[in-house]
Amino acid sequence: MSKAPITSPLDAKAREETGQVLQEALVDLIDLSLVAKQAHWNVVGRNFRSVHLQLDELVAAAREYTDQVAERASAIGVSPDGRAATVAKRSGVPEFATGWRDDEAVATAVTATLGEVVQRMRARIQITDDTDLVTQDLIIELTARLEEAHWMWQAQLA
Ligand SMILES: [Fe+2]
């Protein structure tokens, strides 16, 4: 498409910077949902059932905000890119080991992963403070959800 079909409420600079933040958040959230499903399928151990179910709660949250972040990009006139190849190249989510994994190892890995994603989201809250407060509001909301999940995973390791 030669001409942009969706106008933006933002000026060109704010649109570009906010669009980049949303694109990076999108890729992280897609990868987070994939890693959580991988863990959901591969966890074994004494706490299998609670960890297995808790992982699907994380998948649901990641998918919910994946859609909201992608559609926020569209709403400011930025085409979202959620293709597998883009996610593989651009994600900042730590790699998750293959194979069966003990429930405690899963809780440790998911806690570390959420800690990393939260830091990446908090940097995006800072950037959007200057570029778009409406997008910032969405990122604050999803970061609060990720921080809640981080607490609940961490609590299991205490
Ligand atoms: Fe399942």
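Just so it is clear, none of the values below were taken in a lab; they were calculated from the coordinates. What you see is a predicted model; the values in this text were computed from it and never measured. Using ideal geometry, Cβ is built from the backbone for each residue, glycine included, and neighbour counts are taken over all protein chains shown.
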Report task. Using label points projected 7 Å from each Cα along Cα→Cβ, tell me how many nm separate Glu147 and Asp102, to one decimal. Result -> 3.2
Report summary line: Per the Kirkwood formula over distinct C-alpha pairs, the hydrodynamic radius of the chain in angstrom is 16.2
Query raised in the report: Along the Cα-to-C-beta direction of Trp41, a point sits 7 Å from the Cα; which residues of region 70-109 have their amide N less than 15 Å from that point?
Result: 96-101
Query raised in the report: Cα-Cα pairs above 15 Å in region 28-117: how many percent?
Result: 60
Query raised in the report: Taking the Cα centre of the chain as the origin, how large is its charge dipole in debye, to the nearest 20, when only Lys and Arg (+1) and Asp and Glu (-1) carry charge on their Cβ atoms?
Result: 420
